[in-house]
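Written out below as C-alpha cells is the structure these notes cover.
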Amino acid sequence: MRVALVADVHANLVAFEAVLAHARERGGFDEIWCLGDVVGYGPRPAECIDLLRQYPHRVVAGNHDLAACGELGVEDFNDAAARAALWTRATLDDERKRWLASLPHVERVGDFTLVHGTLRSPIWEYLLSERQAADQLARQQTPYSAVGHSHIPFVAITRSGGGASLRSVDDAEAVALGEARAIVNPGGVGQPRDGDPRASYALYDCDTRIAHFFRVPYDIAATQRQMEEAQLPRWLIDRLAYGR
Ligand code: ZN
C-alpha cells in the first residue's frame, strides 16, 4: 500500500491540490494519512476538509483543528493565529466542525502511530530536538511514528547506543526505514517554515518501507489573493512567500 503523508495543510487548497496532483504523477496513493491542522491560517478550510474526505484517509487532530471547532480556546495562540482561528470558526458549518471535534488525537495504522505534536503532548508539543525524539521513540508502541506541527520535514532514528539522531531531509530524498525505530515529519503542505516556500509532503510505501520526501511548487499568489479577500492577517499572507 502507498500512502500520501501530509501535515499542516492549513486550509491552503491550492497547495493541497498541487501535492495530491504531484503524488498522482509519482504513481499515486491508496490512502492519505494526515497529521493534523487541516484548517487554520488559510482561506479554504471547508474545501480542504472535503478534499481530504474524498480519499480513504486517517487523520489526527491538530491544535488549529480543535480551535476551529471550539474544542480549544484561542488564548494560547498568537494574535494572528487567533484571528485566523476565529475566522475559520465563523466560516465552517456545524457538520464540518463536528467532524473536526471527532478526530482522534493519536491513531495507529500499520507500522505507524500518527500524532500532530508528540506522544507526550499530542496537541501542543513541537518535536524539534534529539532529546524529544528519544522520548517519543521510547513511548511509541509501533516501529515508526509520524508527526507534524513544526512544519519542518525531518527523520529521527534510534541510535544503536541509545538516544536518537534527527536530521532534516531534502527535496526528492528517499529514506529507507529499517529495523531501528523511527519518526518522520513530512513537513507542512500549506505553510512551510524551513525557508523553502514550496509545499512539503512524503509518499510512503508500506511494503518497501521507503519514505520519499518531496517539495512541490504551487501558485502561492493565488492563495495569498484568497487570504486577502477573506481579510486574514497580513503577516500570515506574507509569510507564505518566504516559507517562514
Ligand atoms: Zn500547523
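Quick notes on this one:
- Descending by average beta-carbon neighbour count within 10 Å, the peptides 87-95, 236-244, 130-138 line up as 130-138, 236-244, 87-95, the highest first.
- Segment ARG131-HIS57, length gained on full extension (0.36 nm per residue, minus Cα span): 23.6 nm
- The value of relative contact order for the chain, using C-alpha pairs under 8 Å at least six residues apart, is 23 percent.
- Sum of -39500 (n - 2.57) over DSSP H runs of 4+, divided by residues of the chain (222 nm, nearest 500): -9500 deg cm²/dmol
- For region 30-185, the alpha-carbon coordinates run over 51, 35, 29 Å along the three principal axes, in decreasing order.
- Close amide-amide hydrogen proximity is noted between GLU173 and PHE213, each under 5 Å apart and 5 or more residues distant or on a separate chain (H modeled in the peptide plane; Pro and chain starts excluded).
- In region 1-79, inverting the average of 1/r over every pair of distinct C-alpha atoms gives 12.9 Å as the Kirkwood radius.
- Ordering PHE16, PHE77 by the number of other Cβ atoms within 10 Å of each residue's own Cβ, fewest first, gives PHE77, PHE16.
- Neighbour-count order for SER168, SER145, SER102, SER150, fewest beta carbons within 10 angstrom listed first: SER102, SER168, SER150, SER145
- Which of TYR144, TYR204 has the fewest Cβ neighbours within 10 Å, and the rest in rising order: TYR144, TYR204
Read-outs throughout are calculated quantities, based only on the coordinates presented, and are distinct from any laboratory measurement. In this text the structure is predicted, and so the values were computed from the model without any measurement. In this analysis, Cβ positions are derived from the backbone assuming ideal geometry, glycine residues included, and neighbour counts consider all displayed protein chains.
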